[in-house]
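Inspection log for the structure reproduced underneath, given as structure tokens.
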Amino acid sequence: MIGRFLCGFVAVLAFAMPVRAAEPAAFTVDSLAKIKAQYAGRPFILGMWSVSECSYCIDELTMLGKLARTHRSLPLVLVATDTPAQGAAMQKILTPLGLAGVDSWVFDDPVPERLRRAIDPSWYGELPRTYLYDGEHRRETIVGILSEQRLRAWLRRHRVAN
Amino acid sequence: MDARDAVATLQNRERNSMNRMVSVTILAALVLMAGPATATEHRHVPPVESRSTLAIGATLDESGRLWLARVEDRWLWVSSSADGGRHFSAPVVVSSVPEEIAANAENRPKIAVARDGTVLLSWSEVLPKKFTGNVRFSRSTDGGRSFSAPRTLNDDGRVTSHSFDALAIDGAGRVAVVWLDGRDRDAAREAGGTFVGSSLYFAQSADNGARFDANRRLAGHTCECCRTALVWTAEGPVALWRNLYGTNTRDFALANLDTGKQRRVTDDEWQIDACPHHGGGLAVDGRGIVHMVWFTQGRARQGLFYRRIEDGRASPPMSLGSAEAQAGHAAVAAAGGMVLIAWREFDGRGYVVQAIRSTDGGATWSSPQRLAESGGAADYPLPLTDGKRSMVVWNSAAEGVRILPLDPDAPK
């Protein structure tokens, strides 16, 4: 009874709230291969971040959100190194930054090293970390904040977006 | 997992997310009804998301009793063992009110036991507002049967970042707690300026934690998200932390809390605008030699390292573990001439705990011993020694807390 009442309450609130993005997809050891297949022959940006304890990630996401507003169809894939339980917290951060519609993933493995190895064996977990994949999927690695200047130059060089 | 399990898991996920939505809604409604809340009232708000709390605290007291501090379901529990970890006392709850306690990765509860038996604890409480928290303290004066009401050590009254606490005692009544603190950054922003990094603040007590002096600042412009370390030397409490040199060189600094004297102790030149989430460890042995372990990806060197500092002179960095196995998150313990270092590796399948030991104050070392493995989520290993015995305490999701003794006949 109380459950039904609360569900109704939630439903009413849900209508009153702005549209929210879907939950992030679970990132597992074979997810990068899927992402690369999806972008076969095309450049894309793989941005690693975290909800908890990474203020630099927020700075980078703010820049990416700004860029996504002017560059329609920015080929951006975000992967959070948190857990699927933090999906809602992720969306709470991404939505106001204009990144609600971005292809968003979250680590889904009790051993994050397993997933880090699948992405980059030399990565110890420092965040943010960005990989810029060109059309042939050769990549540049940016350790720490990616500057807007560098990203804009990369976008121009690879004739990406707009 | 077969299809039926998959469906059940999905249903559970849906149910969890529905529960979460319901609690968020109720919370939102309560907050709206209650109006503005103060920082202390925030503590009673239930968590919206569950966090892993595998990171535990451990220490050996003067009599060789092993003490554990662990967080479960938002409660902090203390138990102890008189037989090296075979049997533990019934856990006693520390906090009188449940609170969100940081107990994963580089944040863990700290525990120390003074010579008179006073049990002292510090931890970082996570507040609902992003990147904010409080450094908390409690103690037991009846041998761990009951604990004082937890108190907040940061005295700035700000809802800002206070976390990555470290605790050290001299055993005879002096207590020090250091932590990373966002108050200077916030104050600079309020004044329209900027502030690079965090600050390091501390509080000291001269009566085993009954009263603490006002907070003092040890350093400004520190790395924001790496654990700090603190030990009590003959010259007083000494802290190790990842500092900011220039705008973004994240090398380590060592400073004495009493004199404020500070020195740079690594020259790795790690320039990075990021959160490494990877601090250093510190211990002092019976002869006053300081032992430190740290991680870097600097221009000068990369990986996990050990060095000792004797009469102000630092030994060359000694590499630890395998870079291919992501050796990291080392900790060091020392007593008498015994020095023990443990770290975690990932061998491609799961986590492995490795340890090395020195019986001559860090001059020579045993070869690494592979002490334990786990295929699932796990804490970083904690080495402990009283100068005679040495062990590594390791918590993992599947196996629970394991006390791993080091083979006394390990090859040199």
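Remark: A:L74 matches the filter, which requires a residue to be at pLDDT below 95, surrounded by 19 or more Cβ atoms within 10 Å (Cβ to Cβ) and more than 30 Å from B:Y351 (Cα to Cα).
So that you can scan it fast, the table gives a plain yes or no per residue for (1) under 19 Å from A:G125 (Cβ atoms); (2) assigned by TED's automatic domain parsing to the domain that holds B:Q297; (3) of a type in the set (S, T, N, Q):
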| site | (1), (2), (3) |
| --- | --- |
| B:A334 | no, yes, no |
| B:V339 | no, yes, no |
| B:R344 | yes, yes, no |
| B:I356 | no, yes, no |
| B:T364 | no, yes, yes |
| B:S367 | no, yes, yes |
| B:P381 | yes, yes, no |
| B:G387 | no, yes, no |
| B:G400 | no, yes, no |
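Are any of the residues in the stretch B:305-314 assigned by TED's automatic domain parsing to the domain that holds B:R227, in contact with a Lys or Arg (Cβ under 7 Å, 6 or more places away or on another chain) and touching a residue at least 40 places away in the same chain (Cβ under 8 Å)? Yes.
Matching residues to (1) crowded, with 21+ Cβ neighbours inside 10 Å; (2) among the small types (G, A, S); (3) under 23 Å from B:R211 (Cα atoms); (4) at pLDDT below 95:
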residue	(1), (2), (3), (4)
B:D73	no, no, no, yes
B:G84	no, yes, no, yes
B:A90	no, yes, no, no
B:V97	no, no, yes, yes
B:A103	yes, yes, no, no
B:V113	yes, no, yes, no
B:T118	yes, no, yes, no
B:L121	yes, no, yes, no
B:S124	yes, yes, yes, no
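Scanning the stretch A:107-121 for residues that are within 12 Å of another protein chain (Cβ to nearest Cβ) and touching a helix residue (DSSP H, G or I) at 6+ places or on another chain (Cβ under 9 Å) yields A:F107, A:D108, A:D109, A:L115, A:A118. Only one entry of B:R145, B:R108 meets the criterion of being in a loop (DSSP other than H, G, I, E, B) and surrounded by fewer than 17 Cβ atoms within 10 Å (Cβ to Cβ), and that entry is B:R145.
Within the stretch B:354-376, the only residue that satisfies the criterion of being within 14 Å of chain A (Cβ to nearest Cβ) and buried (at least 19 other Cβ atoms within 10 Å of the Cβ) is B:S374.
For the stretch B:252-267, the criterion of being touching a residue at least 60 places away in the same chain (Cβ under 8 Å) and surrounded by 15 or more Cβ atoms within 10 Å (Cβ to Cβ) is met by at least one residue. Scanning the stretch B:337-365 for residues that are in a strand (DSSP E or B), of a type outside the set (V, I, T) and in contact (Cβ under 8 Å) with a residue 24 or more places away in the chain gives B:M338, B:L340, B:A342, B:W343, B:R344, B:E345, B:Y351, B:Q354, B:A355, B:R357. Among the residues of the stretch A:40-80, the ones that are over 15 Å from A:F27 (Cβ atoms) and within 14 Å of chain B (Cβ to nearest Cβ) come to 12 in all. Filter the stretch B:141-165 down to the residues that are under 20 Å from the mean Cα position of the chain (by Cα) and under 20 Å from B:R211 (Cβ atoms) and list them by number. Selection gives B:P150, B:R151, B:T152, B:L153, B:N154, B:H162, B:D165.
Restricting the stretch A:36-71 to residues that are crowded, with 19+ Cβ neighbours inside 10 Å and β-branched (V, I, T), the residue that is nearest to B:S163 (Cα to Cα) is A:V51. Sort out which residues of the stretch A:137-151 are part of a strand (DSSP E or B) and either touching a helix residue (DSSP H, G or I) at 6+ places or on another chain (Cβ under 9 Å) or more than 14 Å from chain B (Cβ to nearest Cβ) (or both), and write them in order of number. Hits for the stretch A:137-151 are A:R139, A:E140, A:I142. Just one of the listed residues (B:A334, B:A327) is in contact with an Asp or Glu (Cβ under 6 Å, 6 or more places away or on another chain) and within 14 Å of chain A (Cβ to nearest Cβ), namely B:A327.
B:G312 falls short on exactly one of the conditions (1) within 14 Å of chain A (Cβ to nearest Cβ); (2) modelled with pLDDT under 95, and that condition is (1).
Is it true that some residue in the stretch B:247-258 is closer than 26 Å to B:A188 by Cβ and at pLDDT below 95? So far as the stretch B:247-258 goes, yes, one or more of its residues are closer than 26 Å to B:A188 by Cβ and at pLDDT below 95.
Where strands (runs of 3 or more DSSP E) fall wholly inside the stretch B:172-290, the ranges with 3 or more residues that are within 29 Å of B:S148 (Cα to Cα) and more than 14 Å from every other protein chain (Cβ to nearest Cβ) are B:175-181, B:198-205, B:216-222, B:229-233, B:236-242, B:281-284. For the stretch A:27-72, the set of residues classified as touching a residue at least 40 places away in the same chain (Cβ under 8 Å), of a type in the set (S, T, Y), part of a helix (DSSP H, G or I) and touching a helix residue (DSSP H, G or I) at 6+ places or on another chain (Cβ under 9 Å) consists of A:S31 only.
The rows are residues; the columns are (1) among the hydroxyl-bearing types (S, T, Y); (2) free of Cβ contacts under 8 Å to residues at least 24 places away in the same chain.
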residue	(1), (2)
B:G193	no, yes
B:S199	yes, yes
B:N208	no, no
B:C226	no, no
B:W241	no, no
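Taking the criterion of being more than 21 Å from the chain's Cα centre (by Cα) and closer than 21 Å to B:G288 by Cβ, would at least one residue in the stretch B:347-355 satisfy it? Looking through the stretch B:347-355, none of the residues is more than 21 Å from the chain's Cα centre (by Cα) and closer than 21 Å to B:G288 by Cβ.
Going by the conditions given, is B:W179 aromatic (F, W, Y), in contact (Cβ under 8 Å) with a residue 24 or more places away in the chain and in contact with a Lys or Arg (Cβ under 8 Å, 6 or more places away or on another chain)? Against the criterion (aromatic (F, W, Y), in contact (Cβ under 8 Å) with a residue 24 or more places away in the chain and in contact with a Lys or Arg (Cβ under 8 Å, 6 or more places away or on another chain)), B:W179 does not qualify. Checking each residue in the stretch A:122-136 for being charged (D, E, K, R) and more than 9 Å from every other protein chain (Cβ to nearest Cβ) picks out A:D134, A:E136.
The values are calculated or read from the model by the stated rules, or taken from the named source; none is laboratory data. Here the structure is a predicted model, which means the values were calculated and not measured. With ideal geometry, Cβ positions are generated from the backbone for all residues, glycine too; neighbour counts draw on all protein chains shown.
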